[in-house]
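Structure, as structure tokens:
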Amino acid sequence: MTDLILIADAVVTMDAALRVIAKGAVVVRGDTIAAVGPADEILAAHPGSKVKPMGRAVLMPGLINAHAHSGFLRGTAEHLPVWDWLTLHINPMHRMLRPEEAEAASYLCYAESLLSGTTTVVDMWRFMEGSAKAAEVMGNRLIAVPYVGEHPDYDYFDRLEMNEALIQRWNGGADGRVSVWVGLEHLFYADEAGQQRAIDMAKKYDVPFHTHCSEAEIEVAEFLRRYGRRPMEVFRDLGFFETRHTMFAHAVWLDRDEVELIAGHNVSVAHNPVSNMKLASGIAPVAEMLELGVPVGLGTDGEKENNNFDMFEELKTASLLGKLRHRDAAAMDSWTALRMGTSLGAKAVGLGEVTGTLEPGKKADIIAVRADTPRMTPFLPDGEWFNLQHNLVHAVRGSDVAMTMVNGAIVVEDGELKTGDMGEIIARIDRLAPGLFTRRKAWLAGNASKQWTDA
């Protein structure tokens, strides 16, 4: 096997020391990073290797999207707070969704993600056999979390039986790129028996558990009404923290006691700043979580509440929102935002030993960001005026990604998708979307969309 040496004007490793190497190189051996260092030293130590010069570019770890939803409702579900939005737009879509449509949505999501530098996606979606197949073809790393409902009012979602079948068929599949977790859309979407079955399944297969929680303030009041305790206390008491790992999406309305509680367990949070702003949900206490050691990753949420899968946009928004929340321009600095999108994000999704940094032994999940653009000028990869971390967070866009590599395979080159036909992926959505929208409209015309908030 011939090693591949990637050379660029800067390598941002995101290791514990936040090492940056001007005129650096990364050696890829199979699916793994074999060495990282100055280009001249790497070339001397690895004669005969294939060399791929990237020029004025930054090599860095692929981004980790810690919470997303495939879909194609982009721009059709707007200007509502989260629970009204779910009731009027999203849940009726789930009632009408077909497996072919769900699979097509995942192809679109994963293509957009890879093109913009995201190598790992935690996707909570439906009929995820199709999603796993899409990841196998497209080449991304996927954590598949079925959208499960285990309550009579939400029986149109996937069921735990489907979740279990997906674990059995796909966990560890696609050369280790596909993992499957146990999911619930929300704790309120499962009755007591369903909640216990979810816990038991996560324990049986030794896989993590993922759900939404405390996205909107009204949820906290409902937890207090139903259980007499705040959300994180409820999850602890029900036994969810006894699973291998639990990750919550949003966690906007956690108080200090709840943050301290989850800091003492194997619990992480996926922070979704753009979605939380768009749905007017609130601002998560990210600084408090980080202070107490809670692993916090960043997520885009879905295409309908974002409206894209550009994780560079999330880096910038997370930084800006942290500054605004504390009215402190030094808060949520650029390195912290980058860590949440790479190394800390990998830890939050249970892949801290696999990806998230450019270090020997890690999987070769690497992206090259163009630095020959106005947004990356001036380009100062070392010295007194070093500025890469700030421009990667506050200037770069996903469209600046020139190359994406996952597991040692180049899946985007020169900004072009190599593992799928983008025209065909888009055309498939164009064919399928009108049917889904028409069926949803017809269902809403003859039915009332029920939600726990109606009680």
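So, in the range 278-295, exactly how many residues are on the phi < 0 side of the Ramachandran plot and outside any helix (DSSP H, G or I)?
Of the residues in that region, 8 qualify.
Tell me, which helices (runs of 4 or more DSSP H) lie completely within the range 296-372 with 3 or more residues that are touching a Gly at 6+ places or on another chain (Cβ under 9 Å) and of a type in the set (G, A, S)?
343-348
Can you pull out every residue in the range 143-164 that is touching a residue at least 40 places away in the same chain (Cβ under 8 Å), among the aliphatic types (A, V, I, L, M) and in contact with a helix residue (DSSP H, G or I) (Cβ under 6 Å, 6 or more places away or on another chain)?
V148, L160
How many residues are modelled with pLDDT of 95 or more, closer than 28 Å to L86 by Cβ and either in contact with a His (Cβ under 9 Å, 6 or more places away or on another chain) or assigned to a loop (DSSP other than H, G, I, E, B) (or both) when one looks only at the range 134-154?
So the count comes out to 6.
From the residues in the range 345-361 that are buried (at least 24 other Cβ atoms within 10 Å of the Cβ) and of a type outside the set (V, I, T), which one is farthest from V267 (Cα to Cα)?
The residue in question is L358.
Determine if the range 197-204 includes at least one residue that is on the phi > 0 side of the Ramachandran plot, touching a residue at least 40 places away in the same chain (Cβ under 8 Å), assigned by TED's automatic domain parsing to the domain that holds G149 and surrounded by 23 or more Cβ atoms within 10 Å (Cβ to Cβ).
no
Could you give every pair whose Cβ atoms fall below 6 Å, whose first residue belongs to the range 23-36 and is without any contact (Cβ under 8 Å) to a residue 60 or more places away in the chain, and whose second residue is crowded, with 17+ Cβ neighbours inside 10 Å and part of a strand (DSSP E or B), counting only separations of at least 6 or pairs across chains?
Qualifying pairs under 6 Å: G24/V11; A25/I5; A25/I7; V27/I5; V27/A34; V27/A35.
Residues in the range 278-290: is at least one touching a Lys or Arg at 6+ places or on another chain (Cβ under 7 Å) and modelled with pLDDT of 95 or more?
Yes: one or more hits.
Among the candidates R370, R339, R428, single out the residue that is of a type in the set (K, R), within 30 Å of V180 (Cα to Cα) and in contact with a helix residue (DSSP H, G or I) (Cβ under 7 Å, 6 or more places away or on another chain).
R428
The values are calculated or read from the model by the stated rules, or taken from the named source; none is laboratory data. Fair warning: this is a prediction, and the values are worked out from it, not measured in the lab. No Cβ is skipped: glycine too gets one built from the backbone with ideal geometry, and neighbour counts run over all protein chains shown.
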